[in-house]
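Scroll down for the structure; my scribbles are underneath it.
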Amino acid sequence: MVLDKVILSRDVHAMLIPSGLDVVLAKGNEVRITHHLGGNYTVVGTFGMARIDAWDADVLGLERQPKPGAGEDSQHGGTATPKREYAFEKSAVNEDDLWAAAKTVFDPEIPVNIVDLGLVYRLEADENGRVDVDMTLTAPGCSMGPMIADDLRVRLEAVSGVREAVVNIVWDPPWNQDMMSEEARMILGLA
C-alpha cells in the first residue's frame with residue numbers, strides 16, 4: 001500500500017529504519033505510507049524511512065488505535081493500564097492465540113510477519129501464565145531487533161491469561177531463507 005502524500009498533523013515519535021533510532025518527526029513533514037502491517041505504519045520522507053506506531057495513526061489522518069493491553073485512556077494520550085487478574089491454578093493461555101498474536105508482528109522493512117519469516121523458534125506458556133519465546137533475526141547486525149522483540153512481547157502480554165512474556169533473541173540455528181513459509185516466499189517473490 002503506497003498512498004499519496006500525507007502531511008503530519010502534529011509532532012510524533014517514530015523509529016528510524018534501519019537504525020532503530022527514536023526520533024521526533026515534526027508537524028508539517030510530508031510523508032508517504034509505504035505499508036501498514038501489524039497495525040503500525042512505515043513511512044518515507046526527507047528523513048528516510050521510519051515506523052509510526054498505530055496509537056499515533058491520527059498524525060497521518062487515520063484512526064488512532066489503543067496500545068496493546070492499555071486502557072481506554074491510551075486512545076487519548078493517557079497512560080492508564082487496567083489491572084489484570086490471573087488464575088494461577090492452571091494457565092488459561094491458548095497456544096493458538098499466542099501464535100496468532102505473534103503473526104501480527106512485522107519487521108518494518110519486510111512485508112511478512114515474523115512467524116512466516118521463520119524467526120520464531122520456540123513459543124511456550126507455563127501454568128503460571130509466563131510465555132517464553134526464542135526468536136532470531138534475519139541478520140545479527142539488525143538494529144530493528146530490539147524493537148521487533150519488544151513488539152512481540154507487548155502483543156503476547158495482551159493475550160488472555162498471559163502474565164508475562166520473555167522474548168530471547170538467539171542465533172542458533174542461524175536463520176536462512178529455507179525457514180520461511182511458502183506464503184512468505186511467494187510474497188517476497190522467492191517461490
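The values are calculated or read from the model by the stated rules, or taken from the named source; none is laboratory data. Note that the structure is predicted; figures quoted are calculated from it, not measured. No Cβ is skipped: glycine too gets one built from the backbone with ideal geometry, and neighbour counts run over all protein chains shown.
Considering only residues that are among the aliphatic types (A, V, I, L, M) and more than 20 Å from the chain's Cα centre (by Cα), look in region 26-47 and name the one that is nearest to Leu62 (Cα to Cα).
Val31
Of the residues that sit in region 1-56 and are surrounded by 13 or more Cβ atoms within 10 Å (Cβ to Cβ) and of a type in the set (Lys, Arg), which one is farthest from Arg155 (Cα to Cα)?
The qualifying residue farthest from Arg155 (Cα to Cα) is Arg32.
Among the residues of region 19-52, which ones are without any contact (Cβ under 8 Å) to a residue 60 or more places away in the chain, under 25 Å from Ala102 (Cβ atoms) and of a type outside the set (A, V, I, L, M, F, W, C)?
Selection gives Asp22, Thr34, His36, Tyr41.
Being more than 25 Å from Ala101 (Cα to Cα), part of a loop (DSSP other than H, G, I, E, B) and not hydroxyl-bearing (Ser, Thr, Tyr) is the filter here; which residues of region 4-18 pass it?
Answer for region 4-18, where residues must be more than 25 Å from Ala101 (Cα to Cα), part of a loop (DSSP other than H, G, I, E, B) and not hydroxyl-bearing (Ser, Thr, Tyr): Asp4, Lys5, Leu8, Arg10, Asp11.
Would you please list the contacts, defined by Cβ atoms under 7 Å and residues six or more apart or on different chains, that run from a residue in region 141-152 that is surrounded by 15 or more Cβ atoms within 10 Å (Cβ to Cβ) to a residue that is in a helix (DSSP H, G or I)?
Leu152/Ala102
Name the one entry in Val105, Val162 that is over 17 Å from the mean Cα position of the chain (by Cα) and crowded, with 22+ Cβ neighbours inside 10 Å.
Of Val105, Val162, the one residue that is over 17 Å from the mean Cα position of the chain (by Cα) and crowded, with 22+ Cβ neighbours inside 10 Å is Val162.
Given the conditions (1) surrounded by fewer than 16 Cβ atoms within 10 Å (Cβ to Cβ); (2) out of contact with any Lys or Arg (no Cβ under 8 Å at 6 or more places or on another chain); (3) modelled with pLDDT under 95, and given that Thr138 satisfies all but one, which numbered condition is not satisfied?
Thr138 satisfies all of (1) surrounded by fewer than 16 Cβ atoms within 10 Å (Cβ to Cβ); (2) out of contact with any Lys or Arg (no Cβ under 8 Å at 6 or more places or on another chain); (3) modelled with pLDDT under 95 except (1).
Quick check, is Arg163 out of contact with any helix residue (DSSP H, G or I) (no Cβ under 7 Å at 6 or more places or on another chain) and either under 27 Å from Ala50 (Cβ atoms) or β-branched (Val, Ile, Thr) (or both)?
So Arg163 fails the test.
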